[in-house]
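A quick write-up on the structure given underneath.
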């Protein structure tokens with residue numbers, strides 16, 4: 001699978017619509033997610049139930065958004081995210097999580113995902129979240145924020161999994177994460193830190209980007225190999 | 001070199017500021033000039049004398065060519081041994097009011113004094129007088145019946161047995177009290193003081209010897225102890241008169257000055273950290289050994305000859321070596337101890353040169369030897385310095401030990417703290433791994449199934465499906481709550497509330513109920529280190545139930561969660577959480593009943609939270625006052 005310039009260039013969807021590649025092996029859940037998106041205008045949805053299908057779909061054209069489960073019958077969603085990230089840098093990637101637990105979400109973030117979606121989210125929320133993501137607003141949960149800041153403030157611990165490189169986070173970004181972890185809204189955080197409310201989502205996206213393991217996710221891969229991260 | 005000697009020299013006290021080399025050299029030379037000047041000044045101070053009216057100077061020396069006049073003090077060179085007869089005279093008063101005595105302040109080697117033909121004083125009776133290096137004086141009372149009014153005859157038989165030429169200082173004849181005063185001074189200076197110095201030397205030799213015995217690597221201490229012991233031995237040994245085996249030992253011991261100076265040279269080298277080869281050591285000690293052997297084998301005469309040659313040149317060489325070493329060290333190191341040692345060498349050299357001049361006859365009118373005393377004084381000072389430094393080193397060791405003890409204590413404390421931290425970390429890690437395991441299990445099993453139920457229920461549609469979907473969602477929420485509550489939040493309840501808010505906001509959205517978040521104090525809720533997951537689960541479920549009640553019964557548009565810390569008087573700040581809705585309250589019910597409310601009260605009670613409920617037409621308000629400290633175990637209802 002090689003990325004061609006044409007692929008990367010086709011990320012912008014025709015007629016302003018958002019192309020979503022939905023990868024989920026559980027058929028009812030996949031259908032539910034598809035319906036949630038299809039019920040809203042402006043979404044073009046392609047589906048895949050396994051890695052192989054997802055790859056085939058990616059070969060055909062570039063999606064604006066990749067929405068993927070992590071546990072796929074023929075592989076790890078983490079690998080799919082990594083590949084997509086490499087091939088289509090402009091595509092937004094979201095992981096579908098059952099519990100929104102930090103282990104799976106952080107693993108996805110470290111290979112290039114910039115958001116997560118709960119599998120049982122309400123249909124309106126699903127579409128809104130995807131729209132927000134395309135608009136540049138990466139969602140972050142309080143527990144994920146908590147996980148990141150607590151990891152950032154602890155001494156580096158080689159044994160801690162999943163590995164997370166928090167060294168590049170700025171003090172301001174850490175402040176923002178603290179605010180989110182403690183349940184404050186973006187408006188509250190912006191007011192408290194003297195920012196404009198609109199800039200907070202941008203900061204969060206930047207945080208996600210900084211947490212990405214750029215060396216082709218070796219650390220995560222290694223962790224997966226050792227069975228330390230069970231996705 | 002003995003490597004151990006290095007620290008001895010290197011550990012010297014440095015001068016407050018390191019001087020530039022040239023300036024220091026100039027300063028050092030000036031200091032040595034001052035030292036030489038001071039030495040000469042001290043030596044030139046005249047010794048107490050009875051007064052010139054009692055002096056007897058004019059003598060007639062009997063010789064083979066007839067009598068020749070001589071003026072005391074006088075030196076009598078010539079062959080040895082021999083006896084020189086001097087005839088003198090003095091005038092006694094007509095009436096004696098007190099005893100008269102005769103004083104001979106200095107003589108070489110021995111003198112017999114006769115008044116009117118009767119021997120009144122023989123210096124040979126006091127054996128230590130016979131030591132030419134001792135500046136011995138002697139006096140005797142003249143029996144009254146011997147004295148004649150007017151001119152009296154005074155004869156001196158001066159015995160000279162070498163190696164020095166004969167010498168006789170001015171004689172004094174006069175009232176005993178006046179003469180005894182002058183004699184007393186000389187005894188004090190030339191008899192008592194050397195004994196005192198030698199006693200010090202004995203003590204220091206003992207101390208240094210013990211130090212060396214216990215610390216064999218401090219060879220310098222041992223060598224100095226040997227030199228001191230030798231010097232002290234020489235002071236207390238009486239010179240021999242008859243040839244005997246004991247006399248041989250005595251002669252050897254008395255002639256041991258070259259051995260002592262050799263030892264001093266070795267000490268200096270060790271002290272200054274020089275290389276000491278066996279050949280050099282043998283050469284330095286050889287003259288001393290030769291003299292000792294000569295003394296033992298050949299008796300006093302042989303020892304005496306050996307002392308002159310090679311003893312004296314060896315001593316001069318050794319002293320020269322010491323002076324060279326110490327001055328070089330002073331110029332190179334520029335520290336206090338080296339400068340002190342160099343100055344001591346200068347003092348010794350000055351005294352020795354003066355004594356050599358005396359012996360050579362360049363200073364004909366006096367015969368006071370100063371080297372021995374200066375040497376004894378310098379040795380004593382050196383020994384004292386070493387002892388001082390040893391004590392300082394002990395102090396250093398003490399303070400080092402003290403520092404070590406405190407460092408060890410600090411390290412222990414740190415270790416203990418780090419143990420405690422490690423325990424805590426282990427505990428947290430165990431909790432985290434347990435939580436991770438549980439999360440995975442739930443994720444793989446229950447979670448996935450519940451999600452499928454939600455999807456299937458939605459797809460099946462209808463009111464029944466919606467109910468099933470809601471129930472499954474509620475189960476998923478509860479799952480997330482349990483997993484979240486198990487996270488290690490370090491007692492910061494706000495972190496648990498943050499995740500709760502998110503879940504609750506998502507849950508309220510389909511019901512068109514807004515969730516407002518209102519901190520009442522800047523810090524939010526206080527941190528409770530004792531907070532455990534079960535406290536968190538109880539509190540979050542309590543909040544969930546409050547929200548459920550609002551959703552089910554209140555017909556509200558907004559739920560406001562406010563929280564903050566409040567201090568009542570002196571106690572620590574306590575947290576408070578208020579959940580208020582803008583619904584219609586418990587309309588028609590005076591006291592709110594129902595399972596939800598009972599549950600909430602029970603949960604609050606279990607973890608020491610006091611719950612109060614206000615219901616009015618503008619909504620229900622649940623106030624949770626957190627305890628100052630959460631209970632370790634559940635409080636039974």
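Rule-based calculations on the coordinates, nothing more; no lab input. Just so you know, these numbers come straight off a predicted model, no measurement behind them. Every residue, glycine as well, gets a Cβ built from its backbone with ideal geometry; the counts of neighbours run over all protein chains shown.
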Relative contact order in percent for chain B (Cα pairs under 8 Å, 6+ apart) equals 10
Length gained if residue B:419 through residue B:119 is fully extended, taking 0.36 nm per residue and subtracting the Cα-Cα distance, is 98.4 nm
For the stretch B:507-637, averaging the sequence separation of alpha carbon pairs under 8 Å that lie six or more residues apart and dividing by its residue count, the contact order in percent is 27
Helix B:245-254 sits off the longest principal axis of the Cα atoms of chain B, rounded to the nearest 10 on a 0 to 90 degree scale, by 60
For the protein assembly as shown, one quarter of the surface area of the C-alpha convex hull, expressed in nm², comes to 65.1
Expressed as a whole-number percentage, the relative contact order of the stretch B:396-552 with C-alpha contacts under 8 angstrom and at least six residues apart is 20
With N residues in chain B, Rg(alpha-carbon) / (2.2 N^0.38 Å) equals 2.07
Of all DSSP beta bridges having both residues in chain B, the percent classed as antiparallel (nearest 5) is 90
If R0 = 35 Å, then residue B:407 and residue B:34, at their Cβ-Cβ distance, give a FRET efficiency to the nearest 0.05 of 0.15
Placing each pseudo-label 7 Å from Cα in the direction of the beta carbon, residue A:61 and residue B:602 end up separated by a distance in nanometres of 5.8
Of all DSSP beta bridges with both partners in the protein assembly as shown, the antiparallel percent, nearest 5, is 75
Taking Cα atoms, the helix B:336-360 axis meets the longest principal axis of chain B at an angle in degrees (rounded to 10) of 0
Within the stretch A:22-41, the residues whose backbone N lies under 14 Å from a label point placed 7 Å from the Cα of residue A:50 along the Cα-to-Cβ direction are A:24-27
Between the modelled labels at residue B:282 and residue B:309 (7 Å from Cα along Cα→Cβ) the distance in nm is 2.5
One computes Rg over Rh for the stretch B:346-435 from alpha-carbon atoms, with the Kirkwood Rh, and obtains 1.73
CD proxy, 222 nm, the protein assembly as shown: helix-only mean residue ellipticity via -39,500 (n - 2.57) per DSSP H run with n ≥ 4, per residue, nearest 500, stands at -17000 deg cm²/dmol
For the pair residue B:441 and residue B:530, the simple spin-label estimate (label points 7 Å beyond Cα toward Cβ) gives in nm 3.0
1/(1 + (r/R0)^6) with r = Cβ-Cβ of residue A:168 and residue B:429, R0 = 22 Å, i.e. FRET efficiency to nearest 0.05, evaluates to 0.30
Fewest-first ordering of B:470, A:53 by Cβ atoms within 10 Å yields B:470, A:53
Per the rule of 0.36 nm per residue minus the C-alpha distance, extending residue B:89 to residue B:449 adds in nm 115.3 nm
Under 13 Å by backbone N from the virtual spin label 7 Å along Cα-to-Cβ at residue B:521, the residues of the stretch B:539-575 are B:563-575
Put in order of increasing Cβ neighbours within 10 Å, starting from the fewest, A:106, B:291, B:635 give B:635, A:106, B:291
Length gained if residue B:43 through residue B:392 is fully extended, taking 0.36 nm per residue and subtracting the Cα-Cα distance, is 122.2 nm
The ratio Rg/Rh over the Cα atoms of the stretch B:507-637, Rh being the Kirkwood inverse mean 1/r radius, stands at 0.97
Ordered by fewest other Cβ atoms within 10 Å, a rough proxy for footprinting exposure, B:388, B:324 read B:388, B:324
